[in-house]
Amino acid sequence: MKTHRYSLAMNWTGNTGQGTKGYASYSRDHVYAMKGKPEIPGSSDPSFRGDPSRHNPEEILVGILSSCHMLWYLHLCSVNGIVVESYHDEPEGVMLEQADGNGKFVSAVLKPQVTISSGDLEKAKSLHEQAHHFCFIANSVNFPVTCESSISVK
């Protein structure tokens, strides 16, 4: 078994001069910084006083589920003789918030639209299930992640 470690710096940049003196006195802005890579500007969801022009953790979670699935799918296609020409996904996640502010994701659905130029169409369809099985991120969350894919031949 291999162990992989991932690290980054997350810095709150939202002190507007009063710190967290009051709920409305600070910005939710922050920056994700990974050594040698562009920074990612973050904030909270606009529903929670966040900046809508910045990425929020909820969007990022849904995005990494999609990205992980895609990367596994492309790998599996390549080793199975299926040539993918395009891959587009518009995933959606559902989070429920309780009256006390507690919340959690209850589901996510991936909706990849794939175009292949060669290889077995039925095999291409079945590889989404394998990609889901191998996705590190989907295997790490405690809510169902489903896939509603469509595949066309170029």
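List the residue pairs whose Cβ atoms are under 9 Å apart, where the first residue sits in the range 97-116 and is over 19 Å from Phe48 (Cβ atoms) and modelled with pLDDT of 95 or more, the second is in a loop (DSSP other than H, G, I, E, B) and among the basic types (Lys, Arg), and the two are 6 or more positions apart or on different chains.
Filtered contacts from the range 97-116: Thr115/Lys154; Ile116/Lys154.
Do you know which of the residues in the range 79-112 that are polar (S, T, N, Q) and not in a strand (DSSP E or B) is farthest from the chain's Cα centre (by Cα)?
Asn80
Got a sec? Which of Pro112, Pro144 is surrounded by 15 or more Cβ atoms within 10 Å (Cβ to Cβ) and closer than 18 Å to Glu92 by Cα?
Just one listed residue meets the conditions, Pro112.
Report every pair of residues separated by at least 6 positions or lying on different chains whose Cβ atoms are under 6 Å apart, first residue within the range 132-154 and assigned by TED's automatic domain parsing to the domain that holds Pro112, second exposed (fewer than 12 other Cβ atoms within 10 Å of the Cβ) and at pLDDT below 95.
Matching pairs, first to second residue: none at all.
Are any residues in the range 46-95 hydroxyl-bearing (Ser, Thr, Tyr) and under 28 Å from Lys125 (Cα atoms), and if so, which ones?
Ser66, Ser67, Tyr73, Ser78, Ser86, Tyr87
Among the residues of the range 48-87, write down those that are hydrophobic (A, V, I, L, M, F, W, C), surrounded by fewer than 18 Cβ atoms within 10 Å (Cβ to Cβ) and under 14 Å from Ser149 (Cα atoms).
If the condition is that a residue be hydrophobic (A, V, I, L, M, F, W, C), surrounded by fewer than 18 Cβ atoms within 10 Å (Cβ to Cβ) and under 14 Å from Ser149 (Cα atoms), then Leu74 is the only one that fits.
If we scan the range 63-71, do we find a residue that is of a type in the set (Val, Ile, Thr) and either assigned to a loop (DSSP other than H, G, I, E, B) or more than 18 Å from the chain's Cα centre (by Cα) (or both)?
No, the range 63-71 has no match at all.
Could you please give the count of residues in the range 25-78 that are more than 17 Å from Asn15 (Cβ to Cβ), out of contact with any Phe, Trp or Tyr (no Cβ under 6 Å at 6 or more places or on another chain) and aromatic (Phe, Trp, Tyr)?
The total comes to 3.
The values are calculated or read from the model by the stated rules, or taken from the named source; none is laboratory data. Please read all numbers here as calculations on a predicted model, not as lab measurements. Positions of Cβ are backbone-derived with ideal geometry, glycine not excepted, and every protein chain shown enters the neighbour counts.
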